[in-house]
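K.L.:
Here you go, one structure.
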Amino acid sequence: MSAANTGAKRPVGVFDSGVGGLSILREIRRELPGEDLFYVADSSYAPYGEQPEHFIEDRAFTIAGFLQEQGAKAVVVACNTATAAAIAKLRAHFNIPIIGIEPAVKPAVRGSESGVIGVMATPGTLSSVKFADLLERFGEKREIVVQPCSGLVEQVERGELDSDRTRELVEKNLAPLLARGVSTIVLGCTHYTFLAGVIAECAGQGVTITDPGPAIAKELRRRLEEGGVLAGADSGGAQRFWTTGEPDGARRLISTLWGAQVEVSQLPGEYARVRQSQIRPASLTK
Ligand code: DGL
């Protein structure tokens with residue numbers, strides 16, 4: 001590695017099953033304007049939420065490995081599902097800070113004295129051991145209702161942030177939570193942040209929506225400061241994007257969600273492929 005690519009000048013790597021993690025990247029850019037940010041959208045394998053854990057773990061290791069080879073000084077797993085499936089093993093394997101994200105149940109419990117808390121997340125996140133631990137820690141303090149959501153990640157991946165179909169799916173996924181009288185909704189999937197406006201409208205007044213992005217960005221700042229590798233506000237500040245999906249469509253979608261025209265590269269083949277051992281006969285994946 002060249003001298004120019006050491007310490008603070010190295011980029012921060014961020015990844016998600018697709019474009020959802022851009023909601024976290026946006027907060028990181030706000031908090032850390034001088035950092036170079038490298039983002040991988042694993043869109044050809046989204047949604048992760050319905051994949052087996054070993055598959056998600058494999059993708060997380062492959063992408064974190066790619067980001068480390070690009071010189072990343074830290075990696076943010078901007079995906080609740082991948083964090084639940086792989087964070088402990090990633091931390092044990094990589095010798096750079098690995099920052100994960102979990103549904104913001106703790107801040108929701110601390111932020112209000114009463115009321116039912118609803119958690120919208122993927123089936124993968126809600127069925128994980130990590131989430132069970134979270135419920136055990138906070139479920140006694142407050143009634144927590146979970147909703148394994150279906151279809152919402154796909155709508156965001158299609159760029160349908162406010163279509164009739166998206167509203168219909170939001171309403172369908174919200175209905176069981178509203179029926180239980182939730183007063184706070186935790187967005188436990190980074191894709192859902194892009195639907196926060198529709199979710200808030202459908203939930204109606206008096207329901208608070210929590211977004212974990214700012215807290216993740218602050219945690220990243222803390223970890224970079226602690227390691228003495230925080231970039232000054234006036235250095236760098238560039239971003240690069242890779243996808244395992246179709247690059248032209250990804251360029252259009254990422255540019256829209258990022259709010260500026262960006263270039264998106266195809267993730268090199270060896271990082272985009274799933275290892276043979278991870279491919280299961282179709283009959284087993286149903
Ligand atoms: N954005 C992701 C999350 O935070 C993953 C969604 C998915 O691919 O199922 O959970």
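The values are calculated or read from the model by the stated rules, or taken from the named source; none is laboratory data. Given the structure is predicted, the values throughout are model-derived calculations rather than measurements. Cβ sites come from the backbone with ideal geometry, for glycine too, and all protein chains shown count toward neighbours. Areas reflect the complete protein model, heavy atoms only, side chains present, ligands, DNA and RNA absent. Shrake-Rupley method; radii C 1.70, N 1.55, O 1.52, S 1.80 Å.
K.L.:
Roughly how big is the chain's charge dipole about its Cα centre, with Cβ charges of +1 (Lys, Arg) and -1 (Asp, Glu), in debye to the nearest 20?
P.N.:
Working: 31 positive and 34 negative charges, 94 e Å.
Computed about the Cα centre, the dipole is about 460 debye.
K.L.:
While we're on this one: Quick one: angle between helix 53-69 and the longest Cα principal axis of the chain, in degrees between 0 and 90, rounded to 10, please.
P.N.:
The answer is roughly 30 degrees.
K.L.:
Ranked by accessible surface with a 1.4 Å probe, highest first, in what order do E69, E225 come? Before the final figure, lay out each step's value.
P.N.:
Working: E69 130, E225 95 Å².
Ranked from most to least accessible, the order is E69, E225.
K.L.:
Still on this structure, please answer the following. Round to the nearest 10 and give me the degree value, 0 to 90, for the angle of helix 213-226's Cα axis relative to the longest principal axis of the chain.
P.N.:
The two axes meet at around 40 degrees.
K.L.:
What share of all Cα pairs of the chain, in percent, falls into each consecutive 5 Å distance bin?
P.N.:
Whole-percent P(r) values from 0 Å outward: 1, 6, 13, 17, 19, 17, 13, 9, 5, 1, 0, 0.
K.L.:
Normalising by the residue count of the chain, find the relative contact order in percent from Cα pairs under 8 Å and 6+ residues apart. Let's see the in-between values first.
P.N.:
On the way: 521 pairs, mean separation 76.9, N = 286.
Value for the chain: 27 percent.
K.L.:
Shifting gears a bit: Let me know the Kirkwood hydrodynamic radius for region 163-286, please, with Cα pairs as the basis and the value in Å to one decimal.
P.N.:
On the way: mean 1/r = 0.0536 Å⁻¹.
For region 163-286, the Kirkwood estimate is 18.7 Å.
K.L.:
Also, I was wondering about something else. List every residue whose amide H lies under 5 Å from the amide H of Q239, counting only residues 5 or more places away in sequence or on a different chain, with H placed 1.01 Å from N in the peptide plane.
P.N.:
Excluding prolines and chain starts, which carry no amide H, the hits are L37.
K.L.:
For region 98-178, max minus min Cα coordinate along each principal axis, in Å, sorted largest first?
P.N.:
Dimensions of region 98-178 along the principal axes of its Cα atoms: 37, 33, 20 Å.
K.L.:
Based solely on its DSSP helices, what 222 nm [θ] is calculated for the chain when runs of n ≥ 4 H residues each add -39,500 (n - 2.57) and the sum is averaged over all residues, nearest 500 deg cm²/dmol?
P.N.:
-13000 deg cm²/dmol
K.L.:
Separate question: Translational D (Stokes-Einstein, µm²/s) of region 1-128 at 10 °C and 1.306 mPa s when Rh comes from the Kirkwood sum over C-alpha pairs?
P.N.:
Once the numbers are plugged in, D ends up at 103 µm²/s.
K.L.:
To continue, here is another question. Please calculate the 1.4 Å probe accessible area of C189, with all protein chains present, and give it to the nearest 10 Å².
P.N.:
Its accessible surface works out to 10 Å², give or take rounding.
K.L.:
Shifting gears a bit: With the calculation restricted to Cα positions, what are the radius of gyration and Dmax of region 63-146 in angstrom?
P.N.:
Every Cα atom of region 63-146 included, Rg and Dmax give 15.0, 47 Å.
K.L.:
Using only Cα atoms, find the angle between the long axis of helix 80-93 and the longest principal axis of the chain, and express it within 0 to 90 degrees, rounded to the nearest 10.
P.N.:
With both axes taken from Cα atoms, the answer is about 40 degrees.
K.L.:
In terms of solvent-accessible area of protein heavy atoms at a 1.4 angstrom probe, what is the ranking of R29, R252, highest value first?
P.N.:
R252, R29
K.L.:
Additional query: Work out how much length S183 to D234 would gain on full extension: take 0.36 nm times their residue separation and subtract the Cα-Cα distance, in nm to one decimal.
P.N.:
Numbers: separation 51, 0.36 × 51 = 18.36 nm, distance 4.13 nm.
Extending this stretch completely gives an extra 14.2 nm.
K.L.:
Same structure again: Please work out the Cα center distance from region 183-199 to region 48-114, rounded to the nearest Å.
P.N.:
Computed from Cα coordinates, the inter-centre distance equals 19 Å.
K.L.:
For K141, K73, write out the residues from largest to smallest accessible area, computed with a 1.4 angstrom probe and no ligands counted.
P.N.:
Putting K141, K73 in descending order of accessible area: K141, K73.
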